[in-house]
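What follows is one structure encoded as structure tokens, with my remarks underneath.
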Amino acid sequence: MQTDLFQERALRRVARRQNIVVRFIRRYPLGAMGATVLLIFAFAAVFADQLAPYDPVANNFAVMFRPPGPQYLLGTDNFGRDVLSRIIFGSRTALLVAFTSSFVGATLGALLGVVSAYFGGRVDDLIQRVTDIILAFPLIILALAMVAALGTGTLNVIIAITIPMIPRVSRVIRASALALREMPFVEAARAIGASDVRIIFQHLLPNVVAPYLVMLTAFLGQAILLEASLSFLGLGVAEPTPAWGLMLRGAATQFAERAPWLALAPGIAISLAVFAFNLLGDALRDALDPRLRV
Amino acid sequence: MYRYFVSRLLMIIPTLFGVAVLTFVLLRLIPGDIVMLRYGTGALVSEDVLQAERARYGLDKPIYEQFISWLWGLVRGDLGVSMWTGKPVAYEVAIRLELTLQLAIMATLIAVALAIPLGTLAAVKQNTWVDYAVRVFSIAGLAMPSFWLGILMILFLLIFFRWSPPVVFTPLWQNPLANLTQLIWPALAVGYRYSAVSTRMMRSALLEVLREDYIRTARAKGLVEYLVIIRHGIRNALLPVVTVIGLEFAFLIGGLVVTEQVFNLNGLGKLIVDAISRRDYTMTQALIMLSAGVFVIVNFLLDICYMWLDPRIRYQ
């Protein structure tokens, strides 16, 4: 009897661990909702070629300003391009920019933060002073400055969004790594003669994964907003690449009265994606690192 | 306190210097020559004209000399001359300052006016539909780009009231009513987004305060509930909210840049976007320096404010 009970408990524990996804959904329904919305956007981005009913960049002046209907679900714009197809392809641009810049920015930031905390002293001082200076620029102003220096285009927008993120992540990661540095296992690693590189990659970085993931998701939403803002200003992704921010530029305000659907769909797409990332980010923060405020 | 003030003030100087270096380096990173980029290459413009232009902007001198003279200009308050209009940057800024400043103040007031009552309401009615409504409202504010909000407002006003944003800006002192009806919409678009983080902060700060012993004491001695909330609750919860409002000042700058574009307002935000699109490098450089400088100074003032609001904080 006794052993059966133990076995049952052990089995249950295993089952619980396997169902981490189910548990996440139960405890953080809003976060799960955000994740679902994002999966839909990701699906649209990956299978855009199959999903989009029309070519997103082909002009067709015979069907300009068609209101939403059975043939064009979200209507057409001033060049006769299908809005739905452009939204679907736009999610590819948005997610590409957001994921690349957040991933690169958060990873470089984490590395810099850990290095800064681990070495301390002059290295730390130098990195922190440079961080101070970059943080003195408001996010969008630094992004605008980068665009001014590099020019527009998808790759440059990714760089312009990545650079301002690095110091913001490194600050948070550094704080976590400072506490880690004093841990006995780091001292033990040093005692058996592990190199600095080994300690950083094997012992410190794996232990800052929680704040790293939280920062990464928090920046995904911000990156989408920033890309949309830059593109809207004409300083981001360049025409004819389909991008949500770009779709709101020009036509959406010029023909506001004639074709209000032009202004609605891209804005809803941006808000929905950012909203979903924020919900997921909040849930991840609560689950992984509740003290962190981002 | 005086000591902290001075040391904090002295810390600004190396930061501002670093900001100047970074701004300068960033805009010199541009591949090729600024003048070449602006006037096109070879055929259209003769080499003599290019040389003359370079000399006009001091680009023929060595790079460190250029930096020193630019920095010396900044120290004296001379921001240089615009490559596009040929007028001093300071003049271009001055004629647009009133609009942007008014918009910024209005947006901040709207943000505060939304955040404090809504955050208080959500905290007091925690876990009721009021709380959920406020939270959804503030999360939505974070997700909606302020330029889209602006476009929606224009759409709404145009369809229902046949109102479209006027082309010319009316200063406040000329016609207050026309001025306010023109600026209230962009201020709302920026202010709503600006308020979102502060509303969340107000809610969580007040929830924390309401759990304190002195709140129970105040209730136990029979103080009316609304006085408990106002006198003992809000007062103590306000500090982190003030900080957040200051920290989110960057949001305000970002919001202004895009919203001025939507509402066709000729302010500083539009000036910086135009300067970048027109490859007006002297103007871009000056404006980026200016906004970063303002941001640094606002953060400094915020630190001082923080100390003044909460005398318990002691700094080394």
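The values are calculated or read from the model by the stated rules, or taken from the named source; none is laboratory data. Values in this document were obtained by computation on a predicted structure and should not be read as measured data. Note that each Cβ is placed from the backbone with ideal geometry, even for glycine, and that neighbours are counted across all protein chains shown. What goes into the accessible areas is simple: the full protein's heavy atoms, side chains included, and nothing from ligands, DNA or RNA. Shrake-Rupley method; radii C 1.70, N 1.55, O 1.52, S 1.80 Å.
Per-structure values
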quantity: Filter pass, residue B:210 being within 25 Å of residue B:123 (Cα to Cα) and either in contact with a Pro (Cβ under 9 Å, 6 or more places away or on another chain) or open to solvent by 60 Å² or more (accessible area, probe 1.4 Å) (or both); calculated: no
quantity: Number of positions in the stretch B:143-161 that are open to solvent by less than 10 Å² (accessible area, probe 1.4 Å) and at the interface with chain A (Cβ under 7 Å from one of its Cβ atoms); calculated: 4
quantity: Residue that is farthest from the other protein chains (Cβ to nearest Cβ) [pool: residues in the stretch B:248-281 that are buried (at least 21 other Cβ atoms within 10 Å of the Cβ) and among the hydroxyl-bearing types (Ser, Thr, Tyr)]; calculated: B:259
quantity: Residue match in the stretch A:34-41 (condition: at pLDDT 80 or above, of a type in the set (Phe, Trp, Tyr), open to solvent by 80 Å² or more (accessible area, probe 1.4 Å) and under 21 Å from the mean Cα position of the chain (by Cα)); calculated: no
quantity: Any hit, the stretch B:291-304, residues being among the polar types (S, T, N, Q) and open to solvent by 60 Å² or more (accessible area, probe 1.4 Å); calculated: no
quantity: Residues located in the stretch B:234-282, provided they are in contact (Cβ under 8 Å) with a residue 40 or more places away in the chain, charged (D, E, K, R) and over 26 Å from residue B:30 (Cβ atoms); calculated: B:248
quantity: Filter result (within 20 Å of the chain's Cα centre (by Cα) and not in a helix (DSSP H, G or I)) within the stretch B:116-149; calculated: B:144, B:145
quantity: Single residue of B:226, B:194 found to be aromatic (Phe, Trp, Tyr) and either crowded, with 20+ Cβ neighbours inside 10 Å or in contact (Cβ under 8 Å) with a residue 24 or more places away in the chain (or both); calculated: B:194
quantity: Failed criterion for residue A:132 (all others in (1) under 30 Å from residue A:44 (Cβ atoms); (2) modelled with pLDDT under 90; (3) not hydroxyl-bearing (Ser, Thr, Tyr) hold); calculated: (1)
quantity: Top-ranked residue of the stretch A:97-156 - restricted to ones that are more than 14 Å from every other protein chain (Cβ to nearest Cβ) and polar (S, T, N, Q), ranked as farthest from the chain's Cα centre (by Cα); calculated: A:116
quantity: Options A:271, A:229; residue that is at pLDDT 90 or above, at the interface with chain B (Cβ under 10 Å from one of its Cβ atoms) and within 15 Å of residue B:261 (Cα to Cα); calculated: A:229
quantity: Residues satisfying the stated conditions in the stretch A:232-263, i.e. facing chain B (nearest Cβ under 8 Å), part of a helix (DSSP H, G or I) and over 16 Å from residue A:161 (Cα atoms); calculated: A:252, A:253, A:263
quantity: Residue that is nearest to the other protein chains (Cβ to nearest Cβ) [pool: residues in the stretch B:162-176 that are exposed (fewer than 12 other Cβ atoms within 10 Å of the Cβ) and more than 23 Å from residue A:229 (Cα to Cα)]; calculated: B:162
